[in-house]
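The structure appears right after this line, and notes come after that.
Bear in mind these aren't lab numbers, they're just calculated from the coordinates by the rules spelled out. This one's a predicted model, so the numbers in the text were calculated from it and none came from an experiment. Here Cβ is always computed from backbone atoms with ideal geometry, including for glycine, and neighbour counts include all displayed protein chains.
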Amino acid sequence: MRNAMIIDGSDNVVIAIEPIAKGSDVEYVVDGKAARFTALEDITIYHKAARRDIPAGSPVVKYGQHIGVAACDIKAGEHVHVHNVTSHRENLDN
Amino acid sequence: MTFYGYKRPDGRVGIRNYVLILPASVCASDTTRIVAQQVNGAVTFNNQNGCSQVAPDQQLTMDVMAGYAANPNVYATVVVSLGCENCQMDLVVDAIKARTNKPIRQVIIQEAGGTIKAVDMAVRYAKELVAEASMLQKQEFPMSELILGTECGGSDPTSGLAANPVIGQLSDLLVADGGTSILSETTEFIGAEHILAKRAATPEVHDQILGIVHRYEKALALVGEEVRNGNPSPGNKAGGITTLEEKSLGCIHKGGHAPVNAVYDYAKQITAKSGLVVMDTPGNDPSSVAAMVAGGAQVVVFSSGRGTPTGNPIVPVIKITGNKLTFAKMEDNIDLDASPVIYGTKTVEELGGELYQMVQEVACGKQTKAETLGFTEMAIARVCNYV
């Protein structure tokens, strides 16, 4: 059952649209194809989970845009939130 | 599509028909509350400012006061001042007259001879104006007469996924029909300003969009602060929004897909039939909504992931959420459930059409939930502390 969604194909996070328990599948549709990974933690409804490993210092991508930087190594399946992401002011003028 | 509204002598069209009892300062605000309670059809608000302000700060207050009096949902205004405040009666009246030729009455508490005499005078003015207003017949107007304010507050990730895109669709529909839609909340452009700036109709507007974002960040830096120290809020974070950038990327969906034709400063009068425009307002909801109402918005659509009761004294506020749990918990406060977009049972286009229909009904007089429950809170933005 689909329990998550992705906004842009380049995103490295998905959004839980139902509460997701640790160990269960996170199922979503990207570019018309079903995809899944295993939740390594409980994911609260409407919170984010990493669909790929995100190394420390690299961008967290949602809406196809950078929403922050990984504060530590984030593994696929982990909850992505304030404990492992920092806000980063980019120069976006161009 | 058309709606039935009230033609004003300045040519604008209202969807409500209130008499505004306008407090020129905090020192007149309890008096206007007493007056408005006495007269059915009169409305007021608590003006916390109006005195002890430096010029640019006082200007924000003046623009909100003048804009409220000029808002087409207002038939006429009774200005009540204490008498000694910085926002002097003649300044307030001149500011209103610069925007509209609608009826104005004046009561100065210190000249009237104290509270009881001032209340007596203002109640009699209000009673007479409400009686005049009640004689007005509604006429049919095209949707292009509407100026729509868009706002999001108590956001969560569903705001960016569902509620704000549905508002964006509404904005596109109104703009296609020749109307005006306002995208506000400058602090919530931060991290998404490049996307918005690319949609500017002219290079000048492009630079203005970036300019208001940088100005806001600099103003906070002047007092050694950073917008991220208060935004996202604890409720945003509990809902799942991690960073300001993430919040902003959801926020700007309210502006739909139309080009941005103009950028207005806080509470300045907006020209009707302008398509999509931006107004420089804070992320704080009651003060952002107040600025758009002062700009001439007759109706506001407000998305909330967490759920909020916010209304406005003179403008109906339509509430929408993309969070199915919030709609179930706060249905008393929220007019439209946009969560079907997330669960695939309705499209953004379908719900945007339903919301446009709801705006038309509200324009014709249908009360929003915030109106029925009597919510009228508002705030006015500040540049700096009182002096």
Fill in the blank from the handout: In this structure, the FRET efficiency calculated for residue B:40 and residue B:387 from their beta-carbon separation, with R0 = 35 Å, to the nearest 0.05, is 0.35
Fill in the blank from the handout: Rounded to whole angstrom, the alpha-carbon centroid of the range B:4-37 lies from that of the range B:161-194 at a distance of 28
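For the cross-link pairs B:247/B:366; A:22/B:237; A:75/B:329, which exceed 24 Å when the distance is taken from alpha carbon to alpha carbon?
Correct reply: B:247/B:366; A:75/B:329.
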Exercise for the section: For chain B, find the longest principal axis of its Cα atoms and tell me its angle to the long axis of helix B:285-294, 0 to 90°, nearest 10. Expected result: 60
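Between residue B:345 and residue B:2, what is the FRET efficiency for a Förster distance of 45 Å, r being their Cβ-Cβ separation, to the nearest 0.05? Don't skip to the end; give the middle numbers.
Working: r = 30 Å, r/R0 = 0.67.
Calculated transfer efficiency: 0.90.
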Handout entry: Computed [θ] at 222 nm, deg cm²/dmol, the protein assembly as shown (DSSP H ≥ 4; -39,500 (n - 2.57); rounded to nearest 500)
Key = -9500 deg cm²/dmol
Exercise for the section: Summarise the partner chain shielding of A:81-93 as one whole number: the mean count of Cβ atoms from other chains within 10 Å of each residue's Cβ. Expected result: 5
Fill in the blank from the handout: Of the candidates A:9, B:358, B:166, the farthest towards the positive dipole end of the protein assembly as shown (Lys/Arg Cβ +1, Asp/Glu Cβ -1, centred on the Cα centre) is B:358
Exercise for the section: Give the relative contact order (percent, whole number) for the range B:18-134; include only Cα pairs under 8 Å separated by 6+ residues. Expected result: 33
Fill in the blank from the handout: Quick calc: nm separation of the 7 Å Cα→Cβ label points for residue B:238 and residue B:84 -> 4.5
Handout entry: Full-extension gain in nm, residue B:273 to residue B:124, via 0.36 nm per residue minus C-alpha separation
Key = 49.9 nm
Completion exercise
If the label point sits 7 Å along Cα→Cβ of residue B:110, residues of the range B:33-53 with amide N under 18 Å come out as B:49-53
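Could you work out, residue by residue across B:233-240, how many beta carbons of other chains sit within 10 Å of that residue's beta carbon, and then give the average as an integer? All intermediate terms of the calculation are to be shown ahead of the outcome.
Numbers: counts 0, 0, 0, 0, 3, 2, 4, 12.
Mean shielding by partner chains, rounded to a whole number: 3.
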Practice task
Along Cα→Cβ, 7 Å out, is where each label goes; now give me the distance between the ones at residue B:361 and residue A:76 in nm to one decimal.
Solution key: 4.7
Handout entry: Relative contact order computed over chain B (Cα-Cα under 8 Å; 6+ residues apart), in percent
Key = 22
Handout entry: Full-stretch length increase - residue A:10, residue A:89 - with 0.36 nm per residue and alpha-carbon distance subtracted
Key = 26.4 nm
Problem - At 1.002 mPa s and 20 °C, Stokes diffusion of the range A:4-86 via Kirkwood alpha-carbon radius, µm² per second - result: 174
Exercise for the section: Please pull out the direction-averaged projected area of chain B, using the convex hull of its alpha-carbon atoms, in nm² to one decimal place. Expected result: 17.6
